[in-house]
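This is the structure I have questions about; it appears just below.
The values are calculated or read from the model by the stated rules, or taken from the named source; none is laboratory data. Quick caveat: nothing in here was measured; it's all calculated off a predicted structure. All Cβ positions, even for glycine, are placed from backbone atoms using ideal geometry, and neighbour counts span all protein chains on display.
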Amino acid sequence: MRATDGAAEPETRSPSDEAVAGSQRQRGSALRRLFSRLTADTDELQADHLQEEIRVGGAIPIATCPDREQVCLVGTLRTVTFRPRAGVPALEAELWDGTGAVSVIWLGRRQIPGISPGRTIKLRGRITTLQGHRAIYNPIYELKASASD
Amino acid sequence: MGMTKRVLVGQPMRSELLGEATLPKKIALPVFASDALSSVAYATEEILLVLSAGGLAFFHFTWYIAGAVGLLMLVVVASYRQNVHAYPSGGGDYEVATTNLGPRVGLTVASALMVDYTLTVAVSVSSGVANLASAIPSLNSHVVLIAVLVIAVITLMNLRGVRESGTAFAIPTYCFIGAVAIMIIWGLSRIVFGHPLVSESANYQIKATGTYGGLALSFLLLRAFASGCTALTGVEAISNGVPAFKPPKSKNAATTLALLGGIAVTMFAGVTALALAGHVHAADPGDLVGLPTGQTPRTVIAQVARSVFGGGSPLFYLLQFFTALILVLAANTAFNGFPVLASILSRDGYLPKQLHTRGDRLAFSNGILLLSGFAIILVLAFKASPTRLIQLYIVGVFVSFVCSQTGMIRHWNRKLATEQDRAKRRLMLRSRTINAIGAGFTGVVLAIVLATKFVKGAWIVVVAMPLIWLVMRGIQRHYQSVAVELTPPEDFKVTLPSNNHAIVLISKLHLPALRAIGYARATRPTSLEAVIVDLDTTEVDAVRRDWEAREIPIPLTVVASPYREITRPIVDYVKRLRSENPNDIVTVYIPEYVLGHWWEQLLHNQSALRLKGRLLFQRRVVVASVPYQLRSAIRSVEKKKSTAVGGSGGAGGATGTGSTGSTGSFPGKNDSAPPVQSRAD
C-alpha cells in the first residue's frame, strides 16, 4: 500500500500546457516582472519559488488536492509542534506549499531528526480533512537537501 | 524626575483645598487688572508713534484720540459688569457667545481669546523688557533672551498655584499704581507752580513720512485710535476669572471691574497729559532727527518719568522697575485666563482632554505650559518688539468684545421675554442698553482696527483664528465620532468568547518564561501551547531538551523564520490560529522584564514591544504581558517606599511584587532573595 500508490500517479499537467505557461511567463514584460518582484510580499516570493519546486518534484499543489486521495506534496514546514511527554506521542508539523497548508502528523514519534522548521520535504500519503483542516497521517517523506547538510 | 518636579513646583495639593485658592478683592484687583493697567504703559506711546508719520504738528490730535479711547474704556467696563453678573461661572466671553449666539460663534470667540492671551504674554513681556532697557541701556542687545527667561519664570510661578502667585504679584502692582500716581501728581503740581516739564526728546525733530490731507489724514487718525485701543486689552480677563473670587463672586468681580476702569482711565489720561506737556517726541528711530546714532529711544513713560523726576533720580529708576515688573505681571493675567478657557473648551470636546483637569497644585498645568510655549515662539519670531506685536494684538480682543456684547443683548432679550416683575425689567432694560452701546462702539472699532492694521500684521491673526477654529472643530468631530462608535447599541448583549486559544511566546526557558507558562495554565484556556521562533537552531534544540527535562505539560511549537525575523512569523502564526468562528479569541502571553532604571529598559523588551504593537492591530487577539520584576525594579520600588514612609522601611516593604511568588508551581525555580530588607521568609 505504501510503496506503489504515490509513485504511479500521473502528473496532472501535460507537457504542452507547460510549454504554453513558460512562453506566457516570458511574454510578460521585464518591467512588469521587476515591479511585481519589488512590491511582492516575501510570502508571495516564497510561494513562487515553491511552485517551481512542486513542478520539479512531480507533486501537486495542496489547493487542488481531492479529498481522501493518495497525493504527492512538496512544501516547507512552517511550524513543528512537539507534544509533551505526558501525552500520546505524536509529532505535528504544518506543511505549506504556497497554495495551501496541510497538517502532517506522525503518530508514535516524539521527534524525527531532520524534521525541523524551514525544511523542504516531499510527502506521499493520503490526505484527509480533520475539523475543517487538511491533514496527512504518517506519510512517506523525503527530506530535500538543506544548507546545513 | 519626580524630585526635580517637587523642587520646582512644590507639594501636590488635595482637591478640597480648591476653596482656599480663591482670592479676596484686594489681591484679585492686581492679579486680573495688571493687564489693563499695564497697557497704560505702552498705549500712549503707540498713539504718538502712529501720529509721528505726519510730523510734529499732528501730535495735537493726541488729546482727541486719548479722549475717545478713555470714553470707549468706560463703556466697555460698564458692559462687562453686566457680563460678570449674568455669567459667573468663568466661561467669560466664550460662554456668553456659545449660550446666546451658538457654538460656531462661541468657537470663534474662543480662538480669538486664545490668540489674545498668547499675544498678551508676548506684548507685555516685550514691553516690560523694553522699559527695563530704558533704565539700563546696556540691556538693549539682549532683549530676546531676557524676554524668554522672564516667560519661563512666570510659567514656573504659575505652576506652583494660584494663591501663591496672587500674593507675590499684588505688591508690585500696587507699587506701580502708587508710583504712577506720584508721578502724575508731582508732574501736575510742577506745571501748576510754573516749572515746565521738558523731556529729553523735546529737541528732536521728526521727519514726516508723507503728507496727509483729507482721507489720508482721517485714516491716519483712525490708525492712531486703533493703536490707542490697546489700552483696553485686559478688561475681559476678569470675566474669565470670576470663579477665582471669594464669594459673593459676581459682586466682587463687578466691583473690581469698576475699580479697574477708574484707575486705568485716570492713569492713561494723566500719562498722556504729561507726555504732551513735556513735548515727548516719539517716532521710529529712523525718523527721529537729532537722536544720537546707535541709541534706542526710551519709552514714552520713561521719558515722562525722567522729565518729572529728573534723570538720575532714584524715583525714576523705581518707576521704570515697577513698570517693567507690572508688564511682566500683566503677562501673568493671561496665565490665569488661558488655562481656564482651555479647560472649558476641552470639557466641551474642542481641545484634547489633557487640558481639562487641574494639575498637582490645583492649577491647569497643561494649559499653562501650552500658553508659555506659544508665547515664546511669538517672542522669538518678532524679536521682542512691542510695536510689531501690538499690530496683532487688538484684533482678537475686539472680536471677542463684539461677540460677547452681542450675545449679552440676546441674553437680555430672552430674559425680557419671560420676566414679569417691573423692577427687574427696568434693570434688564438698563443692562441691555449698556450692552447695546458697548456692542455698537466695539463693532465700529473692530472695523477700524481691521481696516487700518491689516497690512501691518493683523493678517497673521486673521489667518490664524480660522485655522484654530478649524482645528478645534476637527478635534470635536473626532471625539464625537469616537464616542458614537464606542457607545453600545440598545440591544447589546455581552457574549463570551466560545474558545480561548492561548499561546505563550518564549525564547528561552528561564524564570520569566516559566512564570508566563504557569500563569497561562492557570487561566484554563481551550488550548495552550508554547511558541518559539526558530532563529538559532542549537538554541531551539536546547530549549526543547530543557522542556522535555522539566516535563512541561504543554506542547512546544517551533515556528520557522526563513528571513531571520521574529515579528512576522509570530503574527502570521497568530492569524492562522484564529478559526472561522467569530467568537474565538487568541490570547498571546508575552513575558516582560521590568527594570528599575530607564537605561536598562533600552536593553530589553524591544522585540516584545514591537510584537505587541503589531498584535494589537489584529482583531480577536488579546496580548497579555506577564511581568517579571528584576532586582533593580524591586530595589527602586523599595527605595521609593522608604523615602515616602521616611525611614528604615517600617511597614514591611514590598510584599506584593511577587518576585518570591508562589513557591512550588515552577519546577526548578529558586526564590530570589529580597535584596534590601530582611524578612522572615
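Please verify whether B:ILE475 is in contact with a Pro (Cβ under 9 Å, 6 or more places away or on another chain) and not charged (D, E, K, R), treating the condition exactly as stated.
The answer is yes for B:ILE475.
Another question, if that's okay. With B:VAL242, B:VAL198 as the choices, which residue is more than 30 Å from B:LYS26 (Cβ to Cβ) and modelled with pLDDT under 85?
Every option except B:VAL198 fails the conditions.
Condition check ((1) away from chain A (no Cβ under 14 Å); (2) loosely packed, with under 13 Cβ neighbours inside 10 Å) across all residues:
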{"residue": "B:ILE448", "(1), (2)": "yes, no"}
{"residue": "B:VAL461", "(1), (2)": "yes, no"}
{"residue": "B:TYR479", "(1), (2)": "yes, no"}
{"residue": "B:PRO489", "(1), (2)": "yes, yes"}
{"residue": "B:ALA516", "(1), (2)": "yes, no"}
{"residue": "B:TYR519", "(1), (2)": "yes, no"}
{"residue": "B:LEU528", "(1), (2)": "no, no"}
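Can you tell me which of B:ALA375, B:ALA447, B:ALA342, B:ALA423 is closer than 24 Å to B:VAL129 by Cβ and at pLDDT 85 or above?
After ruling out the rest, the residue left standing is B:ALA375.
I would also like to ask the following. Does B:GLN303 fit the bill of being touching a Lys or Arg at 6+ places or on another chain (Cβ under 6 Å), under 22 Å from B:SER124 (Cβ atoms) and crowded, with 24+ Cβ neighbours inside 10 Å?
no
Are any residues in region B:568-588 under 46 Å from the mean Cα position of the chain (by Cα) and of a type in the set (A, V, I, L, M), and if so, which ones?
Residues satisfying the conditions are B:ILE570, B:VAL571, B:VAL574, B:ILE585, B:VAL586, B:VAL588.
Against the condition more than 14 Å from chain B (Cβ to nearest Cβ), part of a loop (DSSP other than H, G, I, E, B), surrounded by 11 or more Cβ atoms within 10 Å (Cβ to Cβ) and modelled with pLDDT under 80, how does A:ARG13 come out, does it pass?
For A:ARG13, the condition - more than 14 Å from chain B (Cβ to nearest Cβ), part of a loop (DSSP other than H, G, I, E, B), surrounded by 11 or more Cβ atoms within 10 Å (Cβ to Cβ) and modelled with pLDDT under 80 - is met.
Does A:GLU69 qualify as being over 9 Å from the mean Cα position of the chain (by Cα) and either more than 10 Å from chain B (Cβ to nearest Cβ) or more than 30 Å from B:LEU528 (Cα to Cα) (or both)?
yes
Do we find that B:ASP348 is more than 12 Å from the chain's Cα centre (by Cα), among the acidic types (Asp, Glu), in the same structural domain as B:THR108 (by TED's automatic domain parsing) and at pLDDT 85 or above in this structure?
Judged against the criteria, B:ASP348 is a match.
If B:LYS612 satisfies all but one of (1) charged (D, E, K, R); (2) free of Cβ contacts under 8 Å to residues at least 24 places away in the same chain; (3) within 14 Å of chain A (Cβ to nearest Cβ), what's the number of the condition it fails?
Only one criterion is unmet by B:LYS612, namely (3).
Go through region B:340-352 and give me each residue that's free of Cβ contacts under 8 Å to residues at least 40 places away in the same chain and surrounded by 21 or more Cβ atoms within 10 Å (Cβ to Cβ).
Matches in region B:340-352: B:SER346 only.
To continue, here is another question. If you take the residues in region A:104-140 that are within 11 Å of chain B (Cβ to nearest Cβ), among the polar types (S, T, N, Q) and without any contact (Cβ under 8 Å) to a residue 40 or more places away in the chain, which one is surrounded by the fewest Cβ atoms within 10 Å (Cβ to Cβ)?
Step by step, filter region A:104-140, then rank; the result is A:GLN131.
In region B:598-620, is there at least one residue being hydroxyl-bearing (Ser, Thr, Tyr) and exposed (fewer than 14 other Cβ atoms within 10 Å of the Cβ)?
Scanning region B:598-620, I find no residue that is hydroxyl-bearing (Ser, Thr, Tyr) and exposed (fewer than 14 other Cβ atoms within 10 Å of the Cβ), so the answer is no.
Within region B:546-601, how many residues turn out to be within 12 Å of chain A (Cβ to nearest Cβ), outside any helix (DSSP H, G or I) and either touching a strand residue (DSSP E or B) at 6+ places or on another chain (Cβ under 8 Å) or not charged (D, E, K, R) (or both)?
14
The rows are residues; the columns are (1) exposed (fewer than 15 other Cβ atoms within 10 Å of the Cβ); (2) at pLDDT 85 or above.
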| position | (1), (2) |
| --- | --- |
| B:MET1 | yes, no |
| B:GLU16 | yes, no |
| B:LYS25 | yes, no |
| B:LEU29 | no, no |
| B:SER38 | no, no |
| B:TYR42 | no, no |
| B:SER52 | no, no |
| B:PHE61 | no, no |
| B:GLY70 | no, yes |
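Return yes or no: is B:THR155 under 16 Å from B:ILE326 (Cβ atoms) and assigned by TED's automatic domain parsing to the domain that holds B:THR323?
No, not satisfied.
Sticking with this structure for a sec: Being exposed (fewer than 10 other Cβ atoms within 10 Å of the Cβ) and not charged (D, E, K, R) is the filter; apply it to region A:27-50 and report the residue that is modelled with the lowest pLDDT.
A:THR39
What is the one condition in (1) more than 14 Å from chain B (Cβ to nearest Cβ); (2) modelled with pLDDT under 90 that A:ARG85 does not satisfy?
For A:ARG85, the failing item is (1).
Now, a different point. Considering B:TYR589, B:TYR573, which residue is over 30 Å from B:ARG635 (Cα atoms) and either of a type outside the set (S, T, N, Q) or outside the structural domain of B:LYS639 (by TED's automatic domain parsing) (or both)?
Exactly one residue qualifies, and that residue is B:TYR573.
Return only the number of the condition from (1) more than 13 Å from chain B (Cβ to nearest Cβ); (2) within 12 Å of the chain's Cα centre (by Cα); (3) touching a residue at least 24 places away in the same chain (Cβ under 8 Å) that A:ALA101 does not satisfy.
(1)
Right, something else. Given the conditions (1) within 9 Å of another protein chain (Cβ to nearest Cβ); (2) in contact with a Cys (Cβ under 6 Å, 6 or more places away or on another chain), and given that A:THR76 satisfies all but one, which numbered condition is not satisfied?
If we test A:THR76 against (1) within 9 Å of another protein chain (Cβ to nearest Cβ); (2) in contact with a Cys (Cβ under 6 Å, 6 or more places away or on another chain), just (2) comes out false.
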